[in-house]
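No value in this document is a laboratory result; all are computed from the given coordinates. Predicted, not measured: the structure shown is a model, and the values here were computed from it. Cβ atoms come from the backbone with ideal geometry, glycine included; neighbour counts cover every protein chain shown.
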Amino acid sequence: MTGDDRRRFERKPTSIRVEITHPAFGTIIGFARDISDGGASVLIENQPLPPVGTVVQVRFKKLVGSINSEPTDMRVMHHHRNVVGLMFAPQ
């Protein structure tokens, strides 16, 4: 069974600007490669990545304004090279 076969939520390809914020790391800018009801895969260039397990605040951005006005808590589930997997954290 591959990783894609185990996924509970269907991924949708996208290219949305993402701001990832954490008090210890500041703000990291990236682009969501895909998104689902469970989380997102975010491409980040030339910036250190928060450790796996870290809860970060995420804001999805449009060309003008934000998609979500309040940051959403997401947990870093994995990263490989410059891609980080984020899961929506329960409120």
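Electrostatic tally near THR14: other residues with Cβ closer than 14 Å to its Cβ, Lys and Arg +1, Asp and Glu -1, net +3.
Under 5 Å between amide hydrogens, built in the peptide plane, is the criterion, and for MET77 it picks out GLY53, GLY85, LEU86, MET87 among residues at least 5 positions away or on other chains. When you count the other C-beta atoms within 10 angstrom of each residue and take the mean per peptide, 34-42, 8-16 line up highest first as 34-42, 8-16.
Amide H contacts of ILE16: ALA32, each under 5 Å away and 5 or more positions distant or on a separate chain (H built 1.01 Å from N in the peptide plane; Pro and chain starts excluded).
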